[in-house]
Amino acid sequence: MELGIRSPVHATLFHHFSNSLLFPARLTLLNTTSSSFMATHLHVSSEEFDPSPSLAIGQHDLLIVGPGILGRLVAHNWRQLQEYSGCQVFGQTATTNHHRELTEIGINPSLKWTKASLKFPYVIFCAPPYQSSDYLGDLRLAASCWNGEGALLFTSSSAPYDCNDNGLCHEDSPVVPTGRSPRTDVLLKAEKIVLEFGGSVLRLSGLYKVDKGAHAYWLEKGIVESRPDHILNLIHYEDAASLSVAILKKQFRGRIFLGCDNHPLSRQEVMDLVYKSGKFSKKFEKFTAGTDDPLGKRLNNSRTRQEVGWEPKYSSFAHFLETI
């Protein structure tokens with residue numbers, strides 16, 4: 001996801017990584033017409049789940065490393081696929097902070113596995129770097145859990161694209177050189193690991209929903225020390241999830257994709273739209289920084305859309321605001 005905003009908003013926007021969870025929880029999926037979801041064998045325990053090698057893994061089962069906001073949406077979309085009816089979705093969490101709510105939606109949560117004793121046909125890694133002391137090691141472990149049959153996908157960020165003048169970027173645009181930023185270094189190293197395993201990478205722009213994202217952070221702050229003409233690129237969490245599932249289904253190998261809505265906006269334009277929508281009770285006042293700060297980039301993912309066969313539910317941030 002794109003990081004065009006100063007800290008601490010990076011914690012909110014860093015890659016759909018907000019509210020994410022890192023190591024394993026099991027989600028058993030049912031083929032049911034009920035609007036509510038319940039696991040077939042729900043075992044609520046504070047003890048670690050032991051992923052016994054004898055556990056049967058089906059040809060459409062999915063492992064999600066980091067079932068936070070994005071990961072849960074991916075799980076929801078995956079189980080809606082009629083051709084994958086009866087599949088299982090597994091997850092991995094880093095802490096027990098969200099275990100109660102996970103059990104309430106049919107997930108049996110626990111902490112990380114001691115070894116990669118199970119192999120899955122589909123694996124997606126959605127976990128954030130800031131929650132791990134060995135992010136690259138965690139990613140290698142997740143990749144080693146892939147059996148090489150379906151697909152392996154790493155949801156990365158558009159931050160590594162080397163552009164800070166509001167210029168145009170697409171899937172194959174140059175990335176920043178190694179050593180310029182520890183933040184982009186870890187993402188590029190993570191991408192390399194996944195690509196070497198034969199997996200694919202989805203670079204996501206700024207994730208948002210009604211109460212999370214740049215607009216929500218700025219509304220909370222009121223006055224923000226950032227230049228207003230910096231260009232942002234956005235994608236709704238639901239669209240990031242649907243794109244991830246579409247890529248997994250296509251079983252790509254060694255590819256880099258880009259997730260954005262193709263409607264870049266300046267920071268000021270984002271907040272003008274928020275104000276004009278009349279949908280938010282809080283009021284944003286202003287950006288105060290001058291013109292010395294770097295600008296952003298204008299992302300276009302037309303190639304991704306064509307190759308994956310995907311279009312977003314929310315074609316733009318303005319379109320999203322019209323729906324709430």
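The values are calculated or read from the model by the stated rules, or taken from the named source; none is laboratory data. What you are looking at is a predicted structure, and each value in this text was computed from that prediction instead of being measured. So basically every Cβ, Gly included, is an ideal-geometry build from the backbone, and we count neighbours across all protein chains shown. All accessible areas refer to the heavy atoms of the entire protein, side chains included, with ligands and DNA or RNA removed. Shrake-Rupley method; radii C 1.70, N 1.55, O 1.52, S 1.80 Å.
Miscellaneous remarks
- Listed by first and then second residue, the pairs with beta-carbon distance under 8 Å, at least 6 apart or on different chains, first residue in region 120-141 and crowded, with 19+ Cβ neighbours inside 10 Å, second of a type in the set (D, E), are F120/D61; P121/D61; P121/E149; Y122/D61; A127/D138.
- Filtered residues of region 77-96 (kept if modelled with pLDDT under 90, open to solvent by 10 Å² or more (accessible area, probe 1.4 Å) and under 24 Å from S156 (Cβ atoms)): A94, T95
Table: residues versus (1) assigned to a helix (DSSP H, G or I); (2) at pLDDT below 95; (3) surrounded by 13 or more Cβ atoms within 10 Å (Cβ to Cβ).
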{"position": "V274", "(1), (2), (3)": "yes, no, yes"}
{"position": "D292", "(1), (2), (3)": "no, yes, no"}
{"position": "L295", "(1), (2), (3)": "no, yes, yes"}
{"position": "R303", "(1), (2), (3)": "yes, no, yes"}
{"position": "Q306", "(1), (2), (3)": "yes, no, no"}
{"position": "Y314", "(1), (2), (3)": "no, no, yes"}
{"position": "H319", "(1), (2), (3)": "yes, no, yes"}
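- Across region 144-164, the qualifying residues are those that are at pLDDT below 95 and of a type outside the set (S, T, N, Q), and the one among them that is surrounded by the most Cβ atoms within 10 Å (Cβ to Cβ) is C145.
- Remark: K282 matches the filter, which requires a residue to be surrounded by fewer than 18 Cβ atoms within 10 Å (Cβ to Cβ) and touching a residue at least 40 places away in the same chain (Cβ under 8 Å).
- Region 197-264 holds strands (runs of 3 or more DSSP E) entirely within its bounds, and those carrying 3 or more residues that are of a type in the set (A, V, I, L, M) map to 200-204.
- Of the residues S144, S181, S157, the single one that is free of Cβ contacts under 8 Å to residues at least 60 places away in the same chain, touching a Lys or Arg at 6+ places or on another chain (Cβ under 9 Å) and among the small types (G, A, S) is S144.
- Each residue in region 171-194 was checked for being out of contact with any Leu (no Cβ under 6 Å at 6 or more places or on another chain), open to solvent by less than 60 Å² (accessible area, probe 1.4 Å) and under 29 Å from L248 (Cα atoms), and 10 pass.
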